[in-house]
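Contents: one structure, followed by commentary.
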Amino acid sequence: MIIREFGVRQGRKALAASLRQGPACLRQLSSLSSETSGTPVAVADPVLQSTLKTSPEAKKTPSLFMQTAKPARKRPVAPDTTKQDWEDAQALRKSMRGVGTTVQPVYSPNDVFRNPPGPKDVTLELLMASQAHMGHHTSVWNPANARYIHGIRQGIHIISLEETAAHLRRAARVVEEVAYRGGLILFVGTRPGQTQIVTQSARLADACHLFTKWTPGTITNSDKILPGLPMKIVDQHDNELEGFDQHLMERRALVPDLVVCLNPLENFVMLHECGLANIPTIGVIDTNTEPTWVTYAIPANDDSLRCLAVIGSVLGRAGEAGNKRRLQDAQKGVVAWETPQAISTWTKIHGKRAEWAARAAREAAEEQAAREAALSGEEPLEKEGEGEVETEGRFRRGQNFRERRPPRASDDS
Amino acid sequence: MVRRPAQRQVRPARIYQTVTTLMDHRVQPRIKVQKPVWYNVVESIPPSEVVTRPLPPQHKTWSPKIRKASRLFQPQQLVFEEDALRKRFFKDHPWELARPRMIIEADGKDAHRCDWSKGLKQPGIPLSGESVVQRQLWRMHNIPGMTQEEAYDLTRKEFYRLRQEEDIERRVAVEEARMVGSYFGQSYLQVGMHLEDLEHERWKKWALSEMTKIRGEQQEAYSGTVDDAVADPQDEDLEQLTETIKEMAA
């Protein structure tokens with residue numbers, strides 16, 4: 001076996017030593033590199049050499065002649081050099097830090113996804129850099145939006161960024177408060193390129209998202225379209241609860257408590273349904289969009305993905321803050337929401353049914369015992385420790401329950 | 001795509017009032033109803049005013065002679081002092097418009113970091129006609145006694161110097177690259193000459209086919225031998241050309 005000197009001390013090997021190399025191998029190579037430099041040397045099998053060299057306490061008879069001898073290990077176990085490697089790597093990086101050009105921080109479209117801004121980070125400069133002020137050509141405007149327009153420049157309407165900032169902050173407060181009260185929020189963005197924005201906002205706010213076409217009738221015809229979708233019941237600490245399977249099979253489907261729409265022009269049907277079902281909506285209103293379609297309008301550019309990413313992350317962060325505050329208050333015992341009527345009614349009925357069933361079973365058991373006693377001629381014994389019977393589906397008092405949809409696999413991405 | 005005409009809606013803005021009415025006037029008053037989750041939220045954070053048209057931001061002064069208020073509530077054109085300077089600069093330097101401009105902003109605070117007293121090159125902003133305009137404006141406002149013309153002349157000369165430096169840099173870079181073995185494609189002139197050559201070849205083929213056609217027509221017209229010299233008295237060069245072409249093709 002020919003071993004060539006291949007720079008074990010420097011280079012990448014120093015930073016991430018291979019685990020395949022045994023300690024004997026390394027010792028062999030290090031001794032070689034100190035003696036010769038770069039010339040190929042023919043050496044015998046290092047494993048055999050090492051067993052001959054470094055194990056004086058080994059068996060005297062060669063293992064070749066012993067039938068019970070264990071075969072020599074092909075891959076010797078290496079010591080864990082992770083800590084040393086890491087420290088070496090850090091030292092190398094520190095020494096190389098000053099070398100090379102200084103790259104100025106430049107804009108990257110991923111910045112808004114890596115570090116989503118919150119309601120406190122909303123500034124006029126941020127909105128302008130995100131092209132939120134650019135409306136459509138003056139000929140396609142909706143005059144109802146005149147109050148949001150700052151002026152005309154190069155043939156297009158310029159949206160007033162003060163209005164945008166004020167409306168965005170108001171919408172963020174609404175999202176935060178609805179999340180604090182345990183409401184179900186839905187983020188909708190159906191144009192190409194809005195998928196990542198909508199899913200990120202939903203992930204931050206622990207909300208639902210939609211990036212494909214809205215099925216008409218999802219709210220007004222929910223009994224036909226929505227049944228069969230997974231649901232779960234959680235308590236005030238967002239822990240899933242058992243024992244509600246029967247209810248989840250029978251109940252009506254959920255509708256959102258707040259809908260945030262990034263492109264209202266294409267989702268008129270959804271917004272109309274929300275209006276019929278009395279669901280508040282938040283929408284990004286461009287200069288050609290109808291502002292009365294939504295409850296809370298955010299006048300901004302709906303054609304710029306950068307602008308929508310900023311708006312989406314602000315609302316997502318607001319939802320995150322609301323959820324955090326809700327859980328913190330729940331720890332202290334303060335719950336700002338009530339159990340929905342559907343669940344409380346069902347638990348009452350189910351509890352009563354279970355109680356009756358238990359009582360019937362108890363009475364049947366007593367009757368049976370009395371009959372047996374009468375047959376055998378003994379006096380019926382009194383049961384000891386007869387406390388409250390554990391009924392199936394007896395629910396803990398002082399606990400709030402509400403419905404949630406279970407997390408999907410895509411949520412982890 | 002046929003867009004649905006924008007129909008004004010009233011329901012979204014009035015969900016709070018609707019739900020209040022529904023809860024207050026129940027068919028079965030004894031049965032308890034729950035307030036929706038958003039009810040208190042919308043109560044404390046009411047939606048903003050819509051559809052009304054307040055006076056828009058004023059960017060111009062109205063002439064005192066105008067008595068009718070027909071356009072009073074329409075958005076106005078945004079006009080800046082720099083517009084006139086930009087018009088002048090790009091009229092004098094039309095090829096500056098051909099230079100590509102990078103208009104993406106990182107955080108929108110480039111203007112805060114600019115100090116136009118220092119020079120035309122500012123951090124984060126590429127050199128262009130816009131830098132000239134801003135520097136000229138600074139000169140007009142901050143140097144007493146400076147006229148627009150004077151400021152323009154001083155600033156544009158600084159600009160020419162910087163553009164010249166850029167050109168020199170580019171030329172030197174090309175030389176350095178050639179020195180270490182890189183090669184470049186054809187220059188604009190070479191591309192133009194190549195296109196001209198192609199056009200010339202195309203014309204030659206056309207000329208040949210036209211000549212054949214004319215000769216054929218003449219042969220049909222005259223029954224006897226055709227005197228080529230009589231038919232095309234002035235195209236002797238062209239005949240030579242045809243011969244050479246035929247020889248070359250063979």
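The values are calculated or read from the model by the stated rules, or taken from the named source; none is laboratory data. As the structure is a prediction and not an experimental result, all values here were calculated from the model. Cβ atoms come from the backbone with ideal geometry, glycine included; neighbour counts cover every protein chain shown. Surface areas here come from the heavy atoms of the whole protein model, side chains and all, with no ligands, DNA or RNA. Shrake-Rupley method; radii C 1.70, N 1.55, O 1.52, S 1.80 Å.
A single member of B:Arg101, B:Arg71, B:Arg67, B:Arg30 is exposed (fewer than 15 other Cβ atoms within 10 Å of the Cβ) and in the same structural domain as B:Pro123 (by TED's automatic domain parsing), and it is B:Arg101.
In the set B:Arg171, B:Arg163, only one residue is assigned to a helix (DSSP H, G or I) and in contact with a Leu (Cβ under 9 Å, 6 or more places away or on another chain); that residue is B:Arg163. Residue pairs whose Cβ atoms lie under 9 Å apart, sitting 6 or more positions apart in sequence or on different chains, and linking a residue in segment A:248-259 that is within 12 Å of chain B (Cβ to nearest Cβ) to a partner that is modelled with pLDDT under 95 and surrounded by 19 or more Cβ atoms within 10 Å (Cβ to Cβ), are A:Leu254/A:Glu403. Within segment A:135-150, the set of residues being in a strand (DSSP E or B), more than 7 Å from chain B (Cβ to nearest Cβ) and in contact (Cβ under 8 Å) with a residue 24 or more places away in the chain comprises A:Gly135, A:His136. In the set B:Glu82, B:Glu43, only one residue is surrounded by 10 or more Cβ atoms within 10 Å (Cβ to Cβ), touching a helix residue (DSSP H, G or I) at 6+ places or on another chain (Cβ under 6 Å) and more than 7 Å from chain A (Cβ to nearest Cβ); that residue is B:Glu82. Of all residues in segment A:108-157, those satisfying the criterion of being surrounded by 16 or more Cβ atoms within 10 Å (Cβ to Cβ), among the aliphatic types (A, V, I, L, M) and out of contact with any His (no Cβ under 8 Å at 6 or more places or on another chain) are A:Val112, A:Val122, A:Leu126, A:Met128, A:Ala129, A:Ala132, A:Met134, A:Ala144, A:Ala146, A:Ile152.
Please tell me if A:Ala132 is more than 9 Å from every other protein chain (Cβ to nearest Cβ), farther than 18 Å from B:Pro47 by Cβ and touching a residue at least 40 places away in the same chain (Cβ under 8 Å). So A:Ala132 passes the test.
Of the residues making up segment A:177-211, those that are in contact (Cβ under 8 Å) with a residue 40 or more places away in the chain, open to solvent by 10 Å² or more (accessible area, probe 1.4 Å) and within 28 Å of A:Gly135 (Cα to Cα) are A:Leu186, A:Thr190, A:Arg191, A:Gly193, A:Gln196, A:Thr199, A:Gln200. Read through the list (1) open to solvent by less than 40 Å² (accessible area, probe 1.4 Å); (2) in contact with a helix residue (DSSP H, G or I) (Cβ under 6 Å, 6 or more places away or on another chain); (3) more than 29 Å from A:Leu276 (Cα to Cα), then give the number of the only condition that A:Thr347 fails. Tallying (1) open to solvent by less than 40 Å² (accessible area, probe 1.4 Å); (2) in contact with a helix residue (DSSP H, G or I) (Cβ under 6 Å, 6 or more places away or on another chain); (3) more than 29 Å from A:Leu276 (Cα to Cα), A:Thr347 fails exactly one: (2).
Is it fair to say B:Leu154 is open to solvent by 100 Å² or more (accessible area, probe 1.4 Å) and either touching a strand residue (DSSP E or B) at 6+ places or on another chain (Cβ under 8 Å) or free of Cβ contacts under 8 Å to residues at least 40 places away in the same chain (or both)?
Here the answer is no, as B:Leu154 does not meet what is asked.
The set of residues in segment A:243-285 being open to solvent by 10 Å² or more (accessible area, probe 1.4 Å) and either small (Gly, Ala, Ser) or assigned to a strand (DSSP E or B) (or both) consists of A:Gly243, A:Ala253, A:Ala277.
Hey, can you tell me all the residues within segment A:199-217 that are assigned to a loop (DSSP other than H, G, I, E, B) and of a type outside the set (S, T, N, Q)?
Residues satisfying the conditions are A:Asp206, A:Ala207, A:Phe211, A:Lys213, A:Trp214, A:Pro216, A:Gly217.
Does segment A:88-107 contain any residue that is loosely packed, with under 15 Cβ neighbours inside 10 Å, within 14 Å of chain B (Cβ to nearest Cβ) and assigned to a strand (DSSP E or B)? Taking every residue of segment A:88-107 in turn, none turns out to be loosely packed, with under 15 Cβ neighbours inside 10 Å, within 14 Å of chain B (Cβ to nearest Cβ) and assigned to a strand (DSSP E or B).
Can we say B:Gln77 is within 14 Å of chain A (Cβ to nearest Cβ), at pLDDT 95 or above and open to solvent by 60 Å² or more (accessible area, probe 1.4 Å)?
Against the criterion (within 14 Å of chain A (Cβ to nearest Cβ), at pLDDT 95 or above and open to solvent by 60 Å² or more (accessible area, probe 1.4 Å)), B:Gln77 qualifies.
Of all the criteria given as (1) more than 30 Å from A:His137 (Cβ to Cβ); (2) at the interface with chain A (Cβ under 7 Å from one of its Cβ atoms); (3) in a loop (DSSP other than H, G, I, E, B), the one not satisfied by B:Val19 is (3). Selection of segment A:286-321 for residues being open to solvent by less than 10 Å² (accessible area, probe 1.4 Å), more than 10 Å from every other protein chain (Cβ to nearest Cβ) and part of a helix (DSSP H, G or I) yields A:Cys307, A:Leu308, A:Ala309, A:Val310, A:Ile311, A:Gly312, A:Ser313, A:Val314, A:Leu315, A:Gly316, A:Ala318, A:Gly319.
Criterion first (within 12 Å of another protein chain (Cβ to nearest Cβ) and either under 30 Å from A:Ile343 (Cβ atoms) or assigned to a loop (DSSP other than H, G, I, E, B) (or both)) does B:Thr61 satisfy it?
Judged against the criteria, B:Thr61 is not a match.
Answer with yes or no whether A:Thr347 is at pLDDT below 95, in a helix (DSSP H, G or I) and among the polar types (S, T, N, Q). Considered against the rule, which asks whether it is at pLDDT below 95, in a helix (DSSP H, G or I) and among the polar types (S, T, N, Q), A:Thr347 comes out as yes. Looking across segment B:107-139, the residues that are within 30 Å of A:Val122 (Cα to Cα), touching a residue at least 40 places away in the same chain (Cβ under 8 Å) and assigned to a helix (DSSP H, G or I) come down to B:Glu130, B:Gln134. Of everything in segment A:151-190 that is among the β-branched types (Val, Ile, Thr) and more than 9 Å from chain B (Cβ to nearest Cβ), the residue that is nearest to B:Gln77 (Cα to Cα) is A:Ile156. Residue pairs whose Cβ atoms lie under 6 Å apart, separated by 6 or more positions or on different chains, with the first residue in segment A:336-360 and within 16 Å of A:Arg402 (Cβ to Cβ) and the second loosely packed, with under 12 Cβ neighbours inside 10 Å and not polar (S, T, N, Q), do not occur.
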